[in-house]
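Notes for the one structure printed next.
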Amino acid sequence: MSSNLIRNMLISAGLLGFFGALGTSMVLGIHQVTKEKIDANIKASLLKSLNTIIPADSYNNDLLQSTIQVPVDSQLGNKVATTIYQAKRDDKPVAVAFDITAPDGYSGDINILIAIRANGDISGVRVISHKETPGLGDKIEAARSDWITKFSGKSLKNPEEKQWKVKKDGGIFDQFTGATITPRAIVKAVHKALFYYQDNRKLMFLGQKEYDMLNPPTLVQQEN
Amino acid sequence: MAEEIPAQPVYGPITKEGLWNNNAVLVQMLGLCPLLAVSNTVINALGLGLATIAVLLISNASISIIRNIVRPEIRLPVFVLIIAAAVTSTELIMHAWFFELYQILGIFIPLIVTNCAIIARAEAFASKNTILPSLYDGLMMGIGFTLVLVVLGAMREFLGSGTLLAQAELMFGEGAKAMTITFFEDYKGFLLAILPPGAFMGLGFILAAKNWIDKKQREKQRQANLLAKTADSTS
């Protein structure tokens with residue numbers, strides 16, 4: 001009786017184990033087949049979005065390889081280290097692209113990709129992800145309206161500091177009917193990113209090693 | 001478990017059950033979470049529907065194959081395992097070959113695993129039938145689910161954005177851009193239809209329509225019966 005019970009348990013356990021192994025190997029096999037394609041997709045999609053704000057013919061280095069990590073900074077708004085993509089032409093700085101976070105959107109964080117030319121002008125801004133209201137706040141997407149493209153060519157001097165606001169607050173940037181908080185949050189985040197670039201422009205085109213030497217992580221923590 | 005199918009697998013009734021009489025959404029009310037979340041455009045709905053069909057086919061077929069090996073006491077964990085493996089594979093394949101659609105559907109692809117319609121078919125049909133009827137049942141249930149998704153998606157997209165088949169290129173390639181139908185240029189949009197409450201209302205209307213059609217048919221049937229009876233008694 002009891003040996004029969006143990007036998008049954010063992011068979012059931014063995015069957016479960018067998019199906020577990022079968023399922024795992026199936027997923028593993030498909031993972032192997034699709035891995036390269038998925039990696040390539042992610043890279044291509046990243047490069048595509050970078051190229052919408054840094055023209056592909058303006059630089060000739062490998063944008064996805066030429067990156068450094070910079071520590072958390074309140075002007076960037078990100079909660080983790082930020083990756084800086086460095087566009088160079090014949091080793092001369094052309095532009096940097098990095099993502100920033102606007103923490104004060106209408107419903108949570110808005111993630112933004114910004115590119116700034118070496119001379120401090122904005123090359124382009126795009127919203128990567130957001131949770132703003134469909135139909136109102138989502139006009140910040142390039143696919144829905146050209147609002148986000150109006151940042152191109154702007155800099156800390158153009159317009160002057162007082163006017164880096166939405167029109168309702170006395171600035172030059174449009175708000176949307178029924179949605180002021182969303183554009184206001186983005187204008188603020190982009191403005192801060194320009195200050196970050198002004199303060200760090202020399203560091204941002206360095207390699208990771210030189211950057212870490214000039215900007216030791218401990219020092220940054222004390223500053224914060 | 002060992003209860004074998006009738007000698008002739010009956011495909012007609014399976015079709016009717018899957019598409020209408022026992023529709024996963026309209027009758028069984030299963031898989032509503034992904035249904036309501038992703039049905040904001042036709043293309044999103046179609047994407048999730050096709051992924052669900054794929055998972056249903058794989059899971060029903062595999063479960064039917066192993067139905068005589070798996071003991072009743074461990075069948076549920078095994079079913080769950082198979083469904084999870086099928087969903088993960090589908091997700092990886094979509095990530096590799098339908099990258100942009102994958103990005104839009106995002107979390108709802110892995111969430112197919114929680115679609116009760118799939119384990120319900122495994123338990124109620126595939127574990128009792130041979131492979132071909134099981135495959136066919138998976139296909140019909142999946143199509144039934146997809147049809148409701150697409151109808152709801154069309155309603156919400158039409159009312160909410162005034163278009164149909166927007167972003168068709170995500171699924172059918174660049175050439176499909178022309179498939180997008182814009183009904184009103186400069187349409188302001190109807191926010192309610194796009195937001196989740198719109199999904200619930202849309203589903204409510206579809207349910208009401210189905211019940212109304214069923215009722216009409218029952219009445220017709222009853223009248224036909226009555227007529228036949230009176231004809232009998234007079235003759």
* Once the convex hull of the C-alpha atoms of chain B is built, how many Å³ does it hold per residue, rounded to a whole number? -> 170 Å³
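In debye, nearest 20, what is the charge dipole magnitude of the stretch A:116-176 about its Cα centre with +1 on Lys and Arg Cβ and -1 on Asp and Glu Cβ, if you could check? Mind showing how you got there, number by number?
Working: 12 positive and 9 negative charges, 13 e Å.
Result for the stretch A:116-176 is approximately 60 debye, rounded to the nearest 20.
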* Asked: So what's the angle, to the nearest 10 degrees on a 0 to 90 scale, between helix A:2-53 and the longest Cα principal axis of chain A?
  -> 20 degrees
* Ascending count of other beta-carbon atoms within 10 Å, so fewest first, for B:Trp212, B:Trp20 -> B:Trp212, B:Trp20
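Could you work out, residue by residue across A:126-134, how many beta carbons of other chains sit within 10 Å of that residue's beta carbon, and then give the average as an integer?
Mean shielding count: 1.
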* To do: Write down the radius of gyration of the stretch B:16-110 and its Dmax, each obtained from C-alpha positions, in Å.
  => 14.7, 43
* **Among B:34-46, A:168-180, A:188-200, the order from most to least packed when residues are scored by Cβ within 10 Å on average** => B:34-46, A:188-200, A:168-180
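Rounded to the nearest 500, what is the 222 nm mean residue ellipticity of chain A from helices alone, with -39500 (n - 2.57) per DSSP H run of 4+ residues and division by all residues? Intermediate values should be presented prior to the final figure.
Working: 4 runs with 86 residues, N = 224.
Taking each H run of at least 4 residues, the total per residue is -13500 deg cm²/dmol.
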* Asked: Within chain B, which complete DSSP H helices have Cα atoms spanning at least 27 Å along the helix axis and a mean Kyte-Doolittle hydropathy of -0.5 or higher?
  -> B:42-65, B:75-97, B:131-161
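Take peptide B:64-72, look around each residue's Cβ out to 10 angstrom, count Cβ atoms belonging to other protein chains, and average those counts.
Details: counts 0, 0, 4, 0, 0, 3, 4, 5, 1.
Per-residue shielding by partner chains comes out at 2.
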* Asked: Modelled label-to-label distance, A:Lys162 and B:Thr114, 7 Å Cα→beta-carbon offset: nm?
  -> 5.3 nm
* Asked: Over the stretch A:55-223, with a single point scatterer placed on each C-alpha, what log10 of the ratio I(q)/I(0) does the Debye formula yield at q = 0.10, 0.15 1/Å?
  -> -0.38, -0.84
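Which whole number gives the average count of other chain Cβ atoms within 10 Å of the Cβ atoms across peptide A:7-13? Please list the in-between numbers first.
Working: counts 0, 2, 1, 0, 2, 7, 1.
Across the residues of A:7-13, the mean count of other-chain Cβ atoms within 10 Å is 2.
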* Asked: Could you state the per residue volume, in Å³, of the convex hull enclosing the Cα atoms of the protein assembly as shown?
  -> 225 Å³
* To do: Report, in deg cm²/dmol and to the nearest 500, the calculated mean residue ellipticity at 222 nm for chain B, where each DSSP H run with n ≥ 4 adds -39500 (n - 2.57) and the sum is divided by the residue count.
  => -21500 deg cm²/dmol
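Quick note: the coordinates plus some simple rules give every number you see, no bench work behind them. Not measured: the values here are computed from a predicted model. Backbone-built Cβ (ideal geometry, glycine too); neighbour counts: all protein chains shown.
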